[in-house]
Every structure is written in structure tokens, then in C-alpha cells.
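The structure appears right after this line, and notes come after that.
The values are calculated or read from the model by the stated rules, or taken from the named source; none is laboratory data. This structure is a prediction, so every number in the text was calculated from the model and none was measured. Quick reminder, even Gly has a Cβ in these numbers, built from the backbone with ideal geometry, and neighbours come from all protein chains shown.
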Amino acid sequence: MSVQYPLERTAVAPLVPQLTWGDEVWSFIRKKPLGATGALIIAVMIFVALFAQVLAPYDPYAPDYASPFARPSASHWFGTDEFGRDVMSRVMFGARIALFVGFVASFVGCTVGALLGVISAYSGGKVDLFLERVMDILLAFPLLILALAIASILGPAVRFVVVAISVPIIPRAARVVRAAALAVKENQYVEAAGSLGASRRRVILQHILPNVAAPYIIMLTAQLGSAILTEAALSYLGLGTAEPTPSWGLMLSGSAASYAEKAPWIALFPGIAISLAVFGFNLFGDSLRDVLDPKLRKKA
Amino acid sequence: MPTPIRRHRTLLAALLLTLLSLTVAVPSAVQAADTPRRGGVLLAVIGADPPSLDPHQESTFANIELVAPLYSTLLQLDPYHYPKIVGDVATDWKISSDGLTYTFKIRQGIRFHDGSPLTSADVKASYDKIIFPPTGVRSVRKNAYTAVQQIDAPDPATVVFKLKFPSASLLDNLASPWNVIFPKKYLDKDPNYFKTNVVGSGPFKFKGYARGSTFEGERNPDYFIKDRPYLDGYKFFISPETSVRAAAIRSGRAYIEFRDLPSAEVESIKKQLGDKIVVQQTPMTGQWGIAINNSVKPFNDVRVRKALTLGVDRYTMAKVLAPLTGLKFVGGLMRPGSDWGMPQVDLEKLPGFGHDMDRNRAEAKRLLAEAGYPNGLKVVLKNRNVKLPYQDFAVFLIQEWRKIGVEVEHRPLETAAWFSDGQDTGNFELIVAPTVEFMDEPDQFLGRYATGSTQNWGRFSDPRVDDLFSRQARSLDHAERKKLINEMEKIVLENAYFMPGLWWSRNLVQWAKVKNYVAPPNHYTNQKLQDVWLSED
Amino acid sequence: MRTYILKRLFLIVPTLLGVAAVVFVIMRVIPGDVALLILGGDQAGHIDKAQLAAMHKQLGLDQPLINQFGAWLWGVARFDFGTSLWTGRPVIEELLGRLPLSLELAILATIVSVVLAIPMGMLAAARQDTWIDYVIRVVSIGGLAIPSFWVGILIILLLVIYFGWGPPLEFTSPFSNPWANFQQMVWPVVTVGYRYAAVTTRMTRSTVLEVMRDDYIRTAWAKGLRERTVLIRHALKNAMLPVITLVGTEFAFLIGGLVVTETVFTLNGVGRFVVDAVAHRDYPVVQALVFLIALGFVVVNLLIDLTYAWLDPRIRYR
């Protein structure tokens, strides 16, 4: 049986919440109403995305040539577009694509970036130097140009758009995580744990990871919103998803502006959807950071 | 002490002056409505930058709209009486009785903008460049002049075209707005000189070009037609976003858009500005279709191709797409309603042009099953990622093909890649392919269906088609030519080598103060602006 | 300190080389032969193999990639960034023609954002979890959530529908015609600035919050200093470091990254130029511009890092 060194205990204690999950959630809602609102928005979006098949009244691809540009009404809550397709159904299915792109791009980008950041920070020396340079190179590229170039090479399928968007995220996540990992590494208690004989793996898992978990989660939520916006911008420029896919960015592009006076609902609802999604993720992410970042705790 | 009369003297003087000025002003106000007013700069918007400034080497509106006012051509289309041909630099011409010699008289006294005189040598040099381009120099329309054997300039006022065989279309093709006359001395030094420089003899002189921003020309005071141009100059603003261009017109920052604006924008503009705006709606000598790659499976099977064209309801497509994109008229390979267009009653017998869609779709499914695809087919449709009309055209087709069990993956590509895949490498299954020319000329429109033509994106080869094409090119009898053309069309459409979609129509939007601009049936001709005037600044 | 500076300067070189190499490779990998494009165009005629080969030769594309890369690097070392494959004019000339506009937009947007963001961020931090904080956070998140191109188009539409007014379509320097310049720039600056302010506000808020927890601030409170003094004289200085980093990197981004804004507002800026160049496979332009943007970015980063190192001795000795 290993002796419980009080050193380890207290070192870890401030980083790990003492309360149960249920208590934490409830106190989160009470103390951070904005974050809770954000969480609610996200939950609704996820729900709609998952059950779009059931919830949507029409096939998002099905045209109705007899009633293009129909005003919002009982049969079409958000109206119809230039081909008579139901805007609400398209927005609902669009949630799938937006969330898919957002989650996957953000997750892949942040995770790969975090891994690289931790490796870089922990290994130090030449590995760190090399990885840092690579990240610098990727960072120095204007985000849109990089995404654009990748999209040009790979083509406009949704899966390629995801890759194109996740690549610029990697260096940004790596940078943040590396800084957090470095900060912990410098911390004396970690040095102490190491000198006490804790294995490398233990140091990483027990000390470094919990400390980078917070920035990682924050980055994840922040980049989610940004990923959704980048997809919209790429679609607007004609390099993202292709017609007739019901992606929000695509619905906002070019002709939506031409129809804006005649049928503003075509652009309005996808625009609101994008804004709401990014808004929700950011609200939630902000409050999450307030809670998770040990330095920001009000009571500290 | 001032007498009453003296006091009133100033008043009287004022009254007299006013009366006098009225007598002058009123008639001139009446005059202004009739006679063109000199002065003013025409502000226009355009949607793209030209790849280069040399019209011989380009075929995009972004080139010709900008540079046409700076140059002259040998012949031109009469803007008021399409498709009549009149001379520009040529004053009159004679065709020999065997149809093999064309002699043109060149107007004397024309000067290029650098002061040097325009002679037949310049005409010859320019046409040599078009028809017999030196290596490394592109000539986009070379193939329209295969009939020409050689060009001579026996004296400064005469140009002679000698032909290998008689050609009914030569005169029309010589009226191409793209065939501008360059000064020989620059061509001798560098045939690509005019890709980045301008020296012309047109009504306007080149003033400046800021890529991505503006293109300007100013009046040529030595233009060979007296009193022209009326305008002091013209200025194009380059803006790729359609709604931004529409907003520019609406706010009066620009007075005219020469290509096309979607009906929705036109409605809004008309609603807001009423009589201040004039909309000229013209059919266009151009169509959007689908090139099917005949050299890959399963499209080498005529049944699959026929199924694809049968599955499209072109009449509904016209109804749906017309207000969105201007694609409005159902027709074959030559423009419906034009001299060469196939009569509707014959067209309807060909696959894809019948009205009974239920029967057509059933037939399409049957053909697919017969060809080995009873459960449908997955295809990739490549497209250009320009919004109008490419995207909407594809969306409709995709929705139609779904109904016969064909699942389409839509891949819009950048212009560069689209063009490369379509024309150069043939790396596609189906690809959206437009055909837009400057007039309804069979050689121009039909050349692409001949074996080995670089414009034959579908890469098919049918010797009957080739034979009919070369026969019609040589036929001088209008009725016979028409028959040959119709037969050629029938073969192409029955075998669905190529799938025509819809013919184009456009809305040319301008402020009413832009006078005397008659919109031709395409945005390539009548761009010289020499007769255009502004009724107010 | 000197060694630190030298070390950092030295490290710039591989970064820039890396950027140059990546751009180079990417441009060659994107499908679409530029020679074919120059010769080809929209509805081309016959393409002669000999013509194509001649064009390749003329553009230097027949050389092995390493040679091409080397030649380009050599040019860069002499400040010769080549000539555009499409306009035939030197890339530098093309860039300088567009730089004033992009620069003006970036500078004005930065000023707008900093002037708005720093006070708002500080206020939100000082009043964390109160309604002031909520309002500021909602407004600033709103600023980043709404797609910028959408906002831009909406603004133009509203202006033209209700006022019949549109912005000028051509750039005039603020020094020659300030009013025309204002009319063209005001809405893009507002659109970009709002978004930028939103990002900066949030960053300011979070760094001020962090700094407020530090011990020396607690000391200041304990000393009984007024809130304003604590905030401005003590917290602000330290909080500004990450904010300056953010402003700096965002500024670098603004020069080349505003493609969509430039498209919507008809601005002939650097962003659109780069995207167009990519579309045309205008290799020299893309390479030069991405390289220069990366250079700017790296230099800005270096300056910021040097400032950090100067202020925080711990970093220097790593």
C-alpha cells in the first residue's frame, strides 16, 4: 500500500472540484445564467440535428415548383425558397451539417493540437523547437487562405470541408495547450512529484492533463463557433458544401441577397440559426471557462 | 432726383433679360430631348476582371465589354438591325461569283490612338494573327475561318480574303466583335503585346485599368466618325457580387450593367426607381447544357445518355428557372426562334423535348434497367462555382434526375479547375457546359460537335455529324443549309451525345438617362458605345 | 536578453522558409495548370502541345520544383517577388496598389475596437456576473456570432432600400478626398470593427479577471485603494499583455484575411487579391502575398514576445 503523501493530495485538490456532478450543474445554472442559456441553446440544436428526420415537416431537397417564395404560413413556418423547398426543414437539416462540421473540425483540430502541444511542452528541447516551428508556420497562414487552399485541392464535399477547417485550428490549440502544459511543468509541486519518483506517465496524467483540460475544453467550445462560421464563409465563397445540400452557409450565399427584398425569410432564418449556434457555444464556453479556470474562481 | 423710369430701369432690364433667356432656354430644353447631348462619363458595373486585354485571345464578356470601345473592327453587326452586317473600318465589299474571293475597301483617314494611320496592312496583320496565329499565341476563334486560304493587302485601301472553299458564314464571322484591328508595327514586335497594352482606333482611348477595381476610357477626339462619341468617357467598376452590382445601380453609383441581373433584383429596382430605370429584356445567343463524357462507362451507352435527357422536364425547367436565372427558352442546338432553330414540332419528337413527362420518365427508367441499372445510377456532376445561372441550373437537374433513380453528387469547381476538367483532360462524367456566341451562326455553334474539336467536351465522334457539319459550312443555299443543320441536330439529339438545357434571356438594366443604347441578343456586340449619350450627368 | 533576441530572430528564418515551402507545394498541388489557364480561358480554341510547352518554359514551370523554389527564394532575397502571371506587372506594384486600402481598414478597425473594447472589457470584469457584465458579454458575443458577410450585405441592402444610397465603388485616399473615403470606409470599418471589438472585449475581460485574482491586487485592495486606481494603475498594465498579443495578431490577420468583407463592400483590397490569385493559379502573387503576410505575422509576434520577455524576466532564461 502506497503512503498517501499529503503533498500530492493538496497539490491536486484545488484543481479537482470537490462537489458531486449534480451539485456542480445546479450551481452552474444558478450562478451562470448566461452559460446556462448557452447550454440550453446548444441542447436544442443538438436535439433538432439528431431528430431532424422526424421533426422536419418536409424533405429538405424536395422542390415545390408551384409555390416558390411562399411567405411564412401555417403550412411553411419559415416560408419556401426559390425552388419551393421548405426553409424550416432545410434549416433543421442544416443543423446537422453545421454541428457535424463544427464538432468534428473543432474536436479533431483541438485534440491533435492538444496532443502536439503536450508532447511539445513535455519533451522540450529539439522536439519542442521543431514542433513549435511547424505550428508557427501553420499559424502564420491566414486562416481563410489555408482553408481555401485545402478545399481547392480536396473538393467541396462535407468531409473535406471538415479537414480544411480543422487544419488551421491545430496550431492555435497546440499553442494554448503548450503554454498551459509549460506553466504546470514549471510548477514546483510537479517537479517535486517527479523527484519523488512519480513516473512520466503519472506526471502527465495526474498533473499536466488536468491542468490543460480546462484550456482544452474552452478552446473546443470557442473553435466550434468559429468552425461553423468558417464553413459559412467557405460556402459563401463557393468553396464549401455544394447545392442542393441544406447547409446554412450555402443558404446565405449570393442569391439570398438578391431575394432579400422579395423573400427575406430565405436568408433570415439560416442567418439566425448560424448566429444562434455560435452565440450559444460561445456563451457556454465563456461560462465554462469562468468555472473551470482555477485562476478565475471568484472565491480564489 | 431719380425718375420713376430710371428706378424701374433695372426692373425692366431684368424683365427683358428673363424674357430673352426664356426664348433661348425653352427651345433648347425641347431640343435636349431629341438631340444627343455631348459630355458626361458613363458609369457601368461589371462582374469580373478580364484574363487579358487581347480580344483575339479571350472569350469572356469581362474582356470585350471593357475594350470594345477602344478598337475598331473590319465589319460589325448593325446594332439597330440584327443580324444585318455593316462596315466599321470597311466601307464596302465585293464577293466574287465563285465565292472564293472577298474584296474589302478600307476607309481612309483612320488613325490609331498613337497617331499612325490605319491601313490594309494592319487589317491583314490582325487577321493573320487570328487565322494563322504564330506559335505561343492563342487565337480562340481560329477554327471559324478554316475556309480562308490567305489574306492579301494589295494597296493601303484594299484587303482581299482568298478562300479554299465557298463559305456562307464567312461574312458573319468577320463581323465578330472580337476581331479588333491592331497596329501592325506592335504585332511585328510582339504578338502578345496587346494582352497588357491597348493601342486601338476606336471612339475611346485607353485611360487606365486598376485590376479588381476600375477600367476607364476617354473620348478619342480624332475618331473617324465626326461628332462621335458623345460621351466624354466611360468607367467600369469591377464587382463580382451580383447583389452589390444591383445595389450600385439602384443607388445611382453606376448607370448600367451590360450583362444580366436576376429578375428579383430587377423587380426591386423597378419598384424603387420606377421610370428612372429602363429594362431591356433580350433573348441571348447562348444556352446552358450538360456535356456527357461519351468516352467513359456507362455514358458510352446510348441508352444511359438517352435516359438522362429523357428524365428532364425542360418545360417546367423553363418556368422555374426563368425568373431566377434568365434561362427561359426550350431549344436544341441552335437558338429557338432564330433563323436556324429547329421548329418546335420537330423538336418535340426528339428525346427530352416531349411534353408527356410520365411517359418520358418511365421510358428513362426502362432504358436504365436495360442498360444494366435497374436500381438507379450514381453520377458526379461537375460545375463551375459561379452562382448564376450555373448553380440553379444544376439544382433543378439534380432534382429531376432523382425522380428516375439517378443520384447526383454535385461538385462545383473553381473556373480554372472546371475548365481544365471539361475541356483539357475530360476528367468528368457530367459537366455543365455553356455555349454563348456573338450571333446565331451555325459554324460557331455547331463546330463543337465535330470529332476532335477542342470544344467537344463530350468527346464523341460520329462521322455522319462531321459530314453534315462540313457540308453545311460549304453550303451557300440557305434552305439547303437549314436542312443539313436540322439533320445534324437530329442525330446529335437522338443519340444524346450532348444534352442541351435551356436558352438564355437577360435583363439589361440601365438608368433612363443612358440614351441610345440598344441591347443586342448577347453581351458581346454593340459595346463600342459610340452612339450612346447621357441626358444628364 | 541579447541572446534571447538573437535566438528569436534566428528562429524566424526556418519559420518563413517553412511557410514559403508550404505555399509553394500547395499551389503546385492544387489541380489546374496555370499555363493551360493562360492559354485556355473560358471557351478556348485549339491548344497546341508546342504552345503549351512554350508557355511552361516561359513561366519557368518546366524546371524541377527545387530549382523553381530556389529561384524564387533568391528573388525574395533581392526583394524581387516576381511578376504576376496574369497582369504581367510586378507583384510588389500590384500589392502596393492595394495596400493603402487594406491598411486603412485594418488601422481604423483596430482603433475602433480598442477604443470600445478595453473600457468595456474592464467594466465587465469589474462587475463580473452582474447585469452590466451580462449585457456586455451578450453584445460582444453577438458581434462575433453573426456572420460578417451577412451583416455587410444587410447593411448595404438597408441603405439602398431605405435611403437609396450606396457606397462609392472606388477607393480614394483619405488624404485626397476625406469625405469620399469616409463614405466608402465607414460601413466596412463598422462591420469589421464591431467584430474585432467583440473579440478584444472578451479577451480583455478574461485577462483582467485573471489579473484581479493575483496577490498584488489583493494587496492593493487591502491597502484601501479606490477601485478605479486598482483597476487602471495596477491591473491594467499586466492585463494588457495578452490583449496586445491579440490585437497584434488580429491586425496581421486583417491585412490579408478580409476577403468576404472586401467582396461585399467592393473594396479592392489585399484579401480579395490573394483569393483571386489562388483561383487563377497566379503562383507568384500567392507565394509573395502569403509570404509577406506570414512575415508580418511573425514580426508582430516577435515584437510582442520581446515585450513579454522584457517585462517578465522568467521567460528570458528558458
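Does B:Ser243 meet the test of being free of Cβ contacts under 8 Å to residues at least 60 places away in the same chain and buried (at least 19 other Cβ atoms within 10 Å of the Cβ)?
Criteria met by B:Ser243.
Could you figure out which of (1) within 26 Å of the chain's Cα centre (by Cα); (2) within 26 Å of B:Glu216 (Cβ to Cβ) isn't true of C:Gly164?
(1)
Would you check which residues across the stretch A:257-274 are surrounded by 24 or more Cβ atoms within 10 Å (Cβ to Cβ) and without any contact (Cβ under 8 Å) to a residue 12 or more places away in the chain and list them?
Within the stretch A:257-274, A:Ala257, A:Ser258 meet the criteria.
For the stretch B:122-133, indicate whether the set of residues that are among the hydroxyl-bearing types (Ser, Thr, Tyr), under 30 Å from B:Asp260 (Cα atoms) and not in a strand (DSSP E or B) is non-empty.
The answer is no, given that none of the residues of the stretch B:122-133 is among the hydroxyl-bearing types (Ser, Thr, Tyr), under 30 Å from B:Asp260 (Cα atoms) and not in a strand (DSSP E or B).
Counting only residues that are among the hydrophobic types (A, V, I, L, M, F, W, C) and under 17 Å from B:Phe258 (Cβ atoms), which one in the stretch B:217-243 is modelled with the lowest pLDDT?
The residue in question is B:Ile238.
Out of the residues in the stretch B:251-261 meeting the condition of being out of contact with any strand residue (DSSP E or B) (no Cβ under 6 Å at 6 or more places or on another chain) and of a type in the set (Gly, Ala, Ser), tell me which one is nearest to the other protein chains (Cβ to nearest Cβ).
For the stretch B:251-261, the residue satisfying everything is B:Ser251.
Test A:Val127 against the stated conditions and say whether it is at pLDDT 75 or above, more than 11 Å from chain C (Cβ to nearest Cβ) and crowded, with 22+ Cβ neighbours inside 10 Å.
The answer is no for A:Val127.
Consider B:Ser338 carefully, then state whether it is among the hydroxyl-bearing types (Ser, Thr, Tyr) and either closer than 30 Å to B:Pro83 by Cβ or within 14 Å of chain A (Cβ to nearest Cβ) (or both).
Yes, satisfied.
Determine the pairs where a residue that is within 14 Å of chain A (Cβ to nearest Cβ), located within the stretch C:178-206, has a partner that is not in a helix (DSSP H, G or I) and not aromatic (Phe, Trp, Tyr) with Cβ atoms under 8 Å apart, the partner being 6 or more residues away or on another chain.
Hits for this filter: C:Val192/C:Leu258.
Scan the stretch C:132-161 for residues that are farther than 18 Å from C:Ser113 by Cα, under 24 Å from the mean Cα position of the chain (by Cα) and either crowded, with 21+ Cβ neighbours inside 10 Å or more than 11 Å from chain A (Cβ to nearest Cβ) (or both) and jot them down.
Scanning the stretch C:132-161 gives C:Phe149, C:Trp150, C:Ile153, C:Ile155, C:Ile156.
Mind telling me which of the residues B:Ala307, B:Ala248, B:Ala264, B:Ala318 ends up being within 14 Å of another protein chain (Cβ to nearest Cβ), more than 30 Å from B:Val532 (Cα to Cα) and among the aliphatic types (A, V, I, L, M)?
Exactly one of B:Ala307, B:Ala248, B:Ala264, B:Ala318 is within 14 Å of another protein chain (Cβ to nearest Cβ), more than 30 Å from B:Val532 (Cα to Cα) and among the aliphatic types (A, V, I, L, M), namely B:Ala318.
When the stretch B:373-395 is examined, which residues are found to be touching a residue at least 24 places away in the same chain (Cβ under 8 Å) and farther than 19 Å from A:Ser258 by Cα?
B:Tyr373, B:Asn375, B:Gly376, B:Leu377, B:Lys378, B:Val379, B:Val380, B:Leu381, B:Lys382, B:Asn383, B:Arg384, listed by residue number.
Looking only at the stretch B:420-458, filter to residues that are in a helix (DSSP H, G or I), touching a helix residue (DSSP H, G or I) at 6+ places or on another chain (Cβ under 8 Å) and among the charged types (D, E, K, R); which one of those is farthest from B:Pro177 (Cα to Cα)?
B:Asp424
Please go through (1) within 18 Å of the chain's Cα centre (by Cα); (2) closer than 29 Å to C:Leu17 by Cβ; (3) surrounded by fewer than 16 Cβ atoms within 10 Å (Cβ to Cβ) for C:Ala71 and return the number of the only condition it doesn't satisfy.
Among (1) within 18 Å of the chain's Cα centre (by Cα); (2) closer than 29 Å to C:Leu17 by Cβ; (3) surrounded by fewer than 16 Cβ atoms within 10 Å (Cβ to Cβ), the lone unmet condition for C:Ala71 is (1).
If we keep just the residues of the stretch B:462-517 that are over 30 Å from B:Tyr234 (Cβ atoms), hydroxyl-bearing (Ser, Thr, Tyr) and in contact (Cβ under 8 Å) with a residue 40 or more places away in the chain, which is surrounded by the fewest Cβ atoms within 10 Å (Cβ to Cβ)?
In this case the residue turns out to be B:Ser475.
Can we say B:Ala417 is modelled with pLDDT under 90, part of a helix (DSSP H, G or I) and among the hydrophobic types (A, V, I, L, M, F, W, C)?
yes
Give B:Thr316, B:Thr325, B:Thr285 a once-over and let me know the one that is closer than 30 Å to A:Gly238 by Cβ, among the hydroxyl-bearing types (Ser, Thr, Tyr) and surrounded by fewer than 22 Cβ atoms within 10 Å (Cβ to Cβ).
Criteria check complete, one pass: B:Thr316.
Which ones in the stretch B:38-52 are buried (at least 21 other Cβ atoms within 10 Å of the Cβ) and modelled with pLDDT of 90 or more?
Scanning the stretch B:38-52 gives B:Leu42, B:Leu43, B:Ala44, B:Val45, B:Ile46.
Is it the case that some residue within the stretch A:175-188 is of a type in the set (A, V, I, L, M, F, W, C) and modelled with pLDDT of 80 or more?
Taking every residue of the stretch A:175-188 in turn, at least one turns out to be of a type in the set (A, V, I, L, M, F, W, C) and modelled with pLDDT of 80 or more.
Which of the residues belonging to the stretch B:426-439 are within 12 Å of chain C (Cβ to nearest Cβ) and among the small types (Gly, Ala, Ser)?
B:Ala433
Of C:Arg98, C:Arg28, which residue is at pLDDT 75 or above and not β-branched (Val, Ile, Thr)?
C:Arg98
How do the pairs read when you match residues in the stretch B:266-287 that are under 25 Å from B:Gly331 (Cα atoms) with residues anywhere that are part of a helix (DSSP H, G or I) and at pLDDT 90 or above, using Cβ under 8 Å and keeping only pairs 6 or more apart or on different chains?
Listed pairs, sorted by first residue: B:Val279/B:Val266; B:Val279/B:Lys270.
Quick one: is A:Ala43 over 30 Å from B:Arg402 (Cα atoms) and part of a helix (DSSP H, G or I)?
yes
Select, from B:Thr196, B:Thr214, B:Thr242, B:Thr282, the only residue that is under 30 Å from B:Gly458 (Cβ atoms), β-branched (Val, Ile, Thr) and within 14 Å of chain C (Cβ to nearest Cβ).
Of B:Thr196, B:Thr214, B:Thr242, B:Thr282, the one residue that is under 30 Å from B:Gly458 (Cβ atoms), β-branched (Val, Ile, Thr) and within 14 Å of chain C (Cβ to nearest Cβ) is B:Thr242.
Select, from A:Ala114, A:Ala62, the only residue that is part of a helix (DSSP H, G or I) and touching a residue at least 12 places away in the same chain (Cβ under 8 Å).
A:Ala114
Name the helices (runs of 4 or more DSSP H) wholly inside the stretch B:255-334 in which the number of residues that are closer than 30 Å to B:Gly233 by Cβ and modelled with pLDDT of 90 or more is 1 or more.
B:263-273
Out of all the residues in the stretch B:388-425, which are among the small types (Gly, Ala, Ser) and within 13 Å of chain C (Cβ to nearest Cβ)?
Hits for the stretch B:388-425 are B:Ala416, B:Ala417, B:Ser420, B:Gly422.
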